[in-house]
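Heads up: the structure comes next, in structure tokens.
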2 protein chains.
Amino acid sequence: MPEEKKAADKFTTIDELARRRGFFWQSNEIYGGVAGFATYGSLGAKLKQNIERKLRELFVNKLGILEIESPVITPSKVFEASGHIDHFKEPMVECLNCKKRFRADHLLQEHAKIGESESERMNLKELNEAIERHIIKCPECGGTLGKPKLFSTMFKTTIGPYAGAVGYGRPEAAQGIFVEFRRLYEMTREKLPFGVLQVGHALRNEISPRQGLIRLREFTIIDLEFFFDPEEPNCFLLKDVEKEKLRLFLAESKLRGSEEITEVTIKKALKKGYIKAEWQAFFMACFQKVLADLGVPAEKQRFIEKLPWERAHYSLQSFDQQFYDERWGWTEVSGHAYRTDYDLKRHMEFSGQDMRVYKECEEPVEKEQLIIKPIMAKLGPIFKRDAAAVAEMLSKTDPKEIETSLKKKGHHMLGKFKILPEHVEIERQKVVERGSRFIPHVVEPSVGSDRLVYVALEYAYHVKEGRVLLSFPRDIAPVQIGVYPLVSKDGLPEKALKLHKRLLDEGFMVDYDEAGSIGRRYARADEIGIPLGITVDYDTLKDDTVTIRDRDTWEQVRSPIAALPELLRRYFRWKINFKDLGKPFKG
Amino acid sequence: MPEEKKAADKFTTIDELARRRGFFWQSNEIYGGVAGFATYGSLGAKLKQNIERKLRELFVNKLGILEIESPVITPSKVFEASGHIDHFKEPMVECLNCKKRFRADHLLQEHAKIGESESERMNLKELNEAIERHIIKCPECGGTLGKPKLFSTMFKTTIGPYAGAVGYGRPEAAQGIFVEFRRLYEMTREKLPFGVLQVGHALRNEISPRQGLIRLREFTIIDLEFFFDPEEPNCFLLKDVEKEKLRLFLAESKLRGSEEITEVTIKKALKKGYIKAEWQAFFMACFQKVLADLGVPAEKQRFIEKLPWERAHYSLQSFDQQFYDERWGWTEVSGHAYRTDYDLKRHMEFSGQDMRVYKECEEPVEKEQLIIKPIMAKLGPIFKRDAAAVAEMLSKTDPKEIETSLKKKGHHMLGKFKILPEHVEIERQKVVERGSRFIPHVVEPSVGSDRLVYVALEYAYHVKEGRVLLSFPRDIAPVQIGVYPLVSKDGLPEKALKLHKRLLDEGFMVDYDEAGSIGRRYARADEIGIPLGITVDYDTLKDDTVTIRDRDTWEQVRSPIAALPELLRRYFRWKINFKDLGKPFKG
């Protein structure tokens, strides 16, 4: 298969280029390295910052989404509430001979050709049977594999000097937003809808990570939680995107074993019910544009709907945005989950704090109100020191929910506390309701910065006349401008250095290079994707003009130095194109 | 003491303002919070980013220092080599009654009036004696305290699925730079001197943190490692700063029990030997300017030299830059350590990788060369599987060092391996040297972003006519411009929203507010430090001009909308002042 061969080469080439020119490499190589950790060098760090800045410009500056920064280390209570302690686990098998450990489902995918959907659905017993049935052995030593067990992929630690104070490295930045919901809601002056974004490191203790930047144990996540009233789910920005087309790979196609892509406008996707929440559709359109702006054409993108058992425990509907990678095939780059009221509700239950917001009715209505009164004489002896907290939690839980649960199941769980029918009195009263309290719903787009960096590199990579170009979109290139004296004598370096300093003062990212022939310097600049090269030559000394060279076309124009700051600023903000930078020039 | 009282109020006021307006607050409050963790809200996150951007502009853009990003989670080998596993510990005592734990030296400082320098110098035995002598009891319950022991203040975890793979949350970002020295040196095309900066989260598991943003368990550190040839230690940028005065609190004054400040120019500080390395002096001048740019006047800053036993294990000379805090007194904001070749040398020993750089001599010299040859027949039986590694390490260590050590101490330690005289042959040969290899020296300025945020807030805080202003320097204000319709009718909001959108498109951070009287909106804006307010009024509809209001003076000018983008850009880059933004205007 020649295409696969070529693909492998591209990944290797980019990896090699990234190391050699200092975009990124495996961390701690001098100690043999540890899989799943990458260090960004100067160019990579800047590329990553530029991509993150672009996302902030779109979401924070233009859409008015709030940004917060919360810690990576998080007390265990938060992840008990969020469900991560119960659910954030992967099936692992150990080789009985060499003791190496592997992801059980990955082994089945690689060595028994069992699909991702199918292997992710299996429980431990089914995994074990499949491993035995397909006679899968240890890929390292050929030894017999033990029984699969679940491994928590959160990094665990202790906060402070007490052994009991367990903390975890967060596997997502979302919980740092949910736990602060009350304050964030105040900051918006108590208005829905609103969004909150966080960019920060997250940790997932993968069993055996590979795939470079695509799957890291420590990575930068960008989580955006968008809160809205489920009774008013309309997206007021929909009209800006509703005609845009998405390429959807729907769950129903997947179940049929088909790879059919449903290409529909946002409007139709909502009308047909392919996407359940308008805000989710809106953000999917945003991320399609983000990826396009990084250089990924429409046909190399798609949104794949997750099957029920593939979805995270909190999600009602999930899509993964995928890009086509020449080596790894369709690869997730962002996730779009409709988290409903799951997280806020759980934090309300576990913390006892009210996470509901208040909404006035259009006109007051008379209603029958259900009241659940705790019988303290019963709660006291059972829950002892916790009795008051239990009563408090009771008062904050939807009474209907408690009543239904007591009727159907004979008890109701409040966090870890079991409430029985004899613990409470159930009363009904007539009341006039002027408003109501509800827990907002949430849609979440979530993306990994590191994957975006990899995508940008892979799609920027081109070969022209045997030379490598990184054709980054001009607004994410790590270095914007190279400044070069044509030769390093006769006062040209001094003139060029003055220009270099001036452009730095104007806030541009500028490199200066005088080593080697001008052709050699252009080649070096092309290889790290510098969009513009400015050359100072003998004419510059006479008339204060310079040539500007385009990285992709290698065309040149000539411009007066005095006009550069304004021209360049407009160029990098996409207001003008290369040809508008000066008069055509043959070097 | 009236000053201290006033001071306490300011800290509380800022803390309250920070919570209310969403600059920062203690994380996870709904679960009772955990000391030492803070979450930044929208304004705080932006303020922090602006301060970090300012440092990047200075160091990365203007001085050409490289920036990298490496992981927080680090394999234990790195911290074995760096000495953190041995040295990064604090003395802790536990109350035998209530089991609460405290920093032993802090208890002595607070309850026995023993100074910081003195208590930091004490070993465990001395701490124990001092606690008994001063009859110090548990500050929580009055119980008897146990014997002090050392507590490692690094967060420990496990990397991957094997229990043996210990990792730590990094307590500094510096090691992420040192371990990558070879690659970074290549990226500079093998030229010294050069600097590398990293901005990222760091973790210190403090025993009992207090002081809000000043002492966090998770914080953002900015470490800058500057590598130079110790034989060519001259700083070529010194002339830019040598006339600037520093306020030094020297170790010799401290030892005399004096609080005397030595105010000297950089030039004199170097000449007198107060500061040992020119590059260190240069960066101290840079950081004095950084703090001044955040609003801290010269007399509220000083550099305090650390006494030998107060210095980190790697430092030959250290200064702490302090600012005067109204509540906490003189407080560290940045550290300046001369780390010499300590870190690279240790990593060379522990990893066996060559961290030396090569330098050509001006002319070749004939020299007697010392050669240490391992006697493998002796090394083999003793070091077994490690013998080859020991031989490799021997070949990379300075032979003179080994010879001296073997003569003086009778052995030489290579990491954990003990070399005895009988393990090696020592030979002398005549050779012509054309160059030499050496380990670069390092000076390190290091600063906490969170402290800078706190400093900026404290020094921005002013009360004018009974109203609170945050007078942030214009280039770090979280929001640059407020846009307001004078009243919310007659088409003014539409006009103002159009202007708002236009300024956003131009890349400014802009708020829009139409709620309440214009005076009330100005007050809200002043309280979060928005430098400029632009008001759209009835005249705007006629002539397309607006008023611009200055946050600090409350003066107003009038300007045409068309001129705003360029005027504002120049204003925020400090090219023009408020009065240059338009014609004086009385509202």
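The values are calculated or read from the model by the stated rules, or taken from the named source; none is laboratory data. Every value quoted in this text rests on a predicted model; they were computed, and no experiment measured them. In this analysis, Cβ positions are derived from the backbone assuming ideal geometry, glycine residues included, and neighbour counts consider all displayed protein chains.
Kindly establish whether B:Asp354 is charged (D, E, K, R), closer than 30 Å to B:Leu291 by Cβ and within 14 Å of another protein chain (Cβ to nearest Cβ).
The answer is no for B:Asp354.
Among the residues of the range A:384-413, write down those that are closer than 19 Å to A:Phe438 by Cβ and not polar (S, T, N, Q).
Passing the criteria: A:Met393, A:Leu394, A:Lys396, A:Asp398, A:Pro399, A:Lys400, A:Glu401, A:Ile402, A:Glu403.
Restricting the search to the range A:328-378, which residues are assigned to a helix (DSSP H, G or I) and small (Gly, Ala, Ser)?
Once the filter is applied, which keeps residues that are assigned to a helix (DSSP H, G or I) and small (Gly, Ala, Ser), the range A:328-378 yields A:Ser351, A:Ala377.
Among the residues of the range A:289-315, how many are surrounded by 14 or more Cβ atoms within 10 Å (Cβ to Cβ), closer than 30 Å to A:Asp343 by Cα and touching a residue at least 60 places away in the same chain (Cβ under 8 Å)?
Matching residues across the range A:289-315 total 6.
How do the helices (runs of 4 or more DSSP H) wholly within the range A:50-149 filter down when requiring 2 or more residues that are under 24 Å from the mean Cα position of the chain (by Cα) and on the phi < 0 side of the Ramachandran plot: which remain?
In the range A:50-149, the matching helices (runs of 4 or more DSSP H) lie at A:76-82, A:84-87, A:104-111, A:116-121.
For the range B:524-569, give me every one of the strands (runs of 3 or more DSSP E) that falls completely inside it and has 2 or more residues that are among the polar types (S, T, N, Q).
The strands (runs of 3 or more DSSP E) meeting that bar are B:545-550, B:556-560.
Given the conditions (1) free of Cβ contacts under 8 Å to residues at least 60 places away in the same chain; (2) within 40 Å of the chain's Cα centre (by Cα), report the number of the one that A:Pro478 does not fulfil.
(1) is the only condition that A:Pro478 fails.
In this structure, does B:Glu120 turn out to be in contact (Cβ under 8 Å) with a residue 60 or more places away in the chain, more than 11 Å from every other protein chain (Cβ to nearest Cβ) and either surrounded by 22 or more Cβ atoms within 10 Å (Cβ to Cβ) or more than 30 Å from A:Leu150 (Cα to Cα) (or both)?
It is true that B:Glu120 is in contact (Cβ under 8 Å) with a residue 60 or more places away in the chain, more than 11 Å from every other protein chain (Cβ to nearest Cβ) and either surrounded by 22 or more Cβ atoms within 10 Å (Cβ to Cβ) or more than 30 Å from A:Leu150 (Cα to Cα) (or both).
Which of the residues belonging to the range B:431-472 are part of a strand (DSSP E or B), more than 22 Å from the chain's Cα centre (by Cα) and farther than 29 Å from B:Gln211 by Cα?
Scanning the range B:431-472 gives B:Val431, B:Val432, B:Glu433, B:Arg434, B:Gly435, B:Ser436, B:Arg437, B:Phe438.
Would you be able to tell me the number of residues in the range A:89-107 that are of a type in the set (Asp, Glu) and either more than 12 Å from chain B (Cβ to nearest Cβ) or touching a Gly at 6+ places or on another chain (Cβ under 6 Å) (or both)?
Of the residues in that region, 2 qualify.
When you scan the range A:150-158, do you find a residue that is touching a helix residue (DSSP H, G or I) at 6+ places or on another chain (Cβ under 7 Å), farther than 30 Å from B:Arg103 by Cβ and either charged (D, E, K, R) or not in a strand (DSSP E or B) (or both), even just one?
Checking the range A:150-158: not a single residue is touching a helix residue (DSSP H, G or I) at 6+ places or on another chain (Cβ under 7 Å), farther than 30 Å from B:Arg103 by Cβ and either charged (D, E, K, R) or not in a strand (DSSP E or B) (or both).
Counting only residues that are crowded, with 20+ Cβ neighbours inside 10 Å, hydroxyl-bearing (Ser, Thr, Tyr) and under 20 Å from B:Leu470 (Cα atoms), how many does the range B:536-587 have?
Selection size over the range B:536-587: 1.
Inside the range A:571-587, can you point out the residues that are in a helix (DSSP H, G or I) and among the charged types (D, E, K, R)?
Answer for the range A:571-587, where residues must be in a helix (DSSP H, G or I) and among the charged types (D, E, K, R): A:Lys579, A:Asp580.
Can you go through B:Gly22, B:Gly41 and tell me which one is at pLDDT below 95, crowded, with 20+ Cβ neighbours inside 10 Å and more than 22 Å from B:Glu206 (Cβ to Cβ)?
Criteria check complete, one pass: B:Gly22.
Any residue in the range A:510-529 that's touching a residue at least 40 places away in the same chain (Cβ under 8 Å): show its pairings with residues that are of a type outside the set (S, T, N, Q) and assigned to a loop (DSSP other than H, G, I, E, B) at Cβ separation under 6 Å, as long as the two are six or more apart or on different chains.
Taking only residues 6 or more apart or on different chains, the pairs are A:Asp526/A:Arg551; A:Ile528/A:Arg21; A:Gly529/A:Phe472; A:Gly529/A:Ala477.
Take the residues in the range B:200-210 that are surrounded by 19 or more Cβ atoms within 10 Å (Cβ to Cβ) and more than 9 Å from every other protein chain (Cβ to nearest Cβ); name whichever of them is nearest to B:Cys286 (Cα to Cα).
Applying the filter and picking the extreme gives B:Ala202.
Among what's in the range A:30-43 and is within 7 Å of another protein chain (Cβ to nearest Cβ) and in a strand (DSSP E or B), pick the residue that is nearest to A:Leu216 (Cα to Cα).
A:Thr39
Find the residue count for the range A:178-198, including only residues that are within 21 Å of A:His336 (Cα to Cα) and at the interface with chain B (Cβ under 9 Å from one of its Cβ atoms).
Total meeting the criteria: 4.
Which condition does A:Lys46 not pass, out of (1) more than 8 Å from chain B (Cβ to nearest Cβ); (2) farther than 17 Å from A:Leu216 by Cα; (3) not aromatic (Phe, Trp, Tyr), if it passes all the others?
(1)
When you scan the range B:496-526, how many residues do you find that are of a type in the set (D, E, K, R), more than 11 Å from chain A (Cβ to nearest Cβ) and either buried (at least 16 other Cβ atoms within 10 Å of the Cβ) or within 21 Å of B:Pro565 (Cα to Cα) (or both)?
So the count comes out to 5.
Do we find a residue being out of contact with any strand residue (DSSP E or B) (no Cβ under 7 Å at 6 or more places or on another chain) and over 18 Å from B:Gln556 (Cβ atoms) anywhere in the range B:492-500?
yes
More than 30 Å from B:Thr74 (Cα to Cα) and away from chain B (no Cβ under 14 Å) - does that describe any residue in the range A:154-173?
no
Given the criterion buried (at least 20 other Cβ atoms within 10 Å of the Cβ) and farther than 26 Å from A:His201 by Cβ, identify the matching residue among B:Ile136, B:Ile159, B:Ile131, B:Ile214.
B:Ile131
Quick check on this structure: which one of B:Ser27, B:Ser82 is at the interface with chain A (Cβ under 10 Å from one of its Cβ atoms), hydroxyl-bearing (Ser, Thr, Tyr) and in contact (Cβ under 8 Å) with a residue 12 or more places away in the chain?
Going through B:Ser27, B:Ser82 in turn, the sole match is B:Ser27.
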